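Trainee: I am attaching a structure below and will ask some questions about it afterwards.
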Amino acid sequence: MKKTFALTHPKLKPARLVDAIKHEVKKYLRRERNKTLPVGADYWDFDCRFGATESQADVIATKEINKCIDEAVKAELDSFYLEILAKPGVRTSSIDEDLE
């Protein structure tokens, strides 16, 4: 998902618009996590970027998406850019890391 979300709407109140955006992001993450994993992968990992525009977007963690959306609302931005790209991930055990 590479999308620029508008934080203004002629008919919707800002709070409802933010709720709709968060719901869309949550729905996208759930849909991607339910896809079949490739052989050798343990889970779906996500590369996320957030910013006022695509060129200003910085890398963030998946768990920080809602916080960044809230900060964009507080900063009274007209829109923001959000990029979420799914990739297969492989878990590493902490025992293997201790041995090295």
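The values are calculated or read from the model by the stated rules, or taken from the named source; none is laboratory data. Source: prediction; values computed, not measured. Reconstructed Cβ throughout: ideal geometry from the backbone, glycine too, with neighbour counts over all protein chains shown.
Trainee: Report, by residue number, each residue of the stretch 55-99 that is of a type in the set (Ser, Thr, Tyr), modelled with pLDDT under 95 and in a helix (DSSP H, G or I).
Mentor: Within the stretch 55-99, Ser94 is the sole residue that qualifies.
Trainee: As an exercise: evaluate Lys22 against (1) assigned to a loop (DSSP other than H, G, I, E, B); (2) in contact with a helix residue (DSSP H, G or I) (Cβ under 9 Å, 6 or more places away or on another chain); (3) of a type in the set (Lys, Arg) and give the number of the one condition it does not meet.
Mentor: Exception for Lys22: condition (1).
Trainee: Looking at the stretch 38-54, which of the residues that are assigned to a loop (DSSP other than H, G, I, E, B), in contact with a Phe, Trp or Tyr (Cβ under 7 Å, 6 or more places away or on another chain) and not β-branched (Val, Ile, Thr) is farthest from Asp70 (Cα to Cα)?
Mentor: Glu54
Trainee: Yes or no: the stretch 64-81 includes at least one residue that is under 17 Å from the mean Cα position of the chain (by Cα), exposed (fewer than 12 other Cβ atoms within 10 Å of the Cβ) and farther than 30 Å from Ser93 by Cα.
Mentor: Within the stretch 64-81, none of the residues are under 17 Å from the mean Cα position of the chain (by Cα), exposed (fewer than 12 other Cβ atoms within 10 Å of the Cβ) and farther than 30 Å from Ser93 by Cα.
Trainee: When you scan the stretch 19-31, do you find a residue that is surrounded by 12 or more Cβ atoms within 10 Å (Cβ to Cβ), of a type in the set (Lys, Arg) and within 18 Å of the chain's Cα centre (by Cα), even just one?
Mentor: yes
Trainee: List pairs: first in the stretch 56-83 and more than 14 Å from Asp45 (Cα to Cα), second part of a strand (DSSP E or B) and among the polar types (S, T, N, Q), Cβ under 6 Å, 6+ apart or cross-chain?
Mentor: Ser79/Thr4; Tyr81/Thr4
Trainee: Got a number for residues in the stretch 32-58 being surrounded by 11 or more Cβ atoms within 10 Å (Cβ to Cβ), under 19 Å from Val73 (Cβ atoms) and touching a Gly at 6+ places or on another chain (Cβ under 8 Å)?
Mentor: Qualifying residue count for the region: 1.
Trainee: Consider Ala15 carefully, then state whether it is of a type in the set (A, V, I, L, M, F, W, C), assigned to a helix (DSSP H, G or I) and surrounded by fewer than 14 Cβ atoms within 10 Å (Cβ to Cβ). So that I can check it myself, show each step before the final result.
Mentor: Working: of a type in the set (A, V, I, L, M, F, W, C): yes; assigned to a helix (DSSP H, G or I): yes; surrounded by fewer than 14 Cβ atoms within 10 Å (Cβ to Cβ): yes.
Spelling it out, Ala15 is indeed of a type in the set (A, V, I, L, M, F, W, C), assigned to a helix (DSSP H, G or I) and surrounded by fewer than 14 Cβ atoms within 10 Å (Cβ to Cβ).
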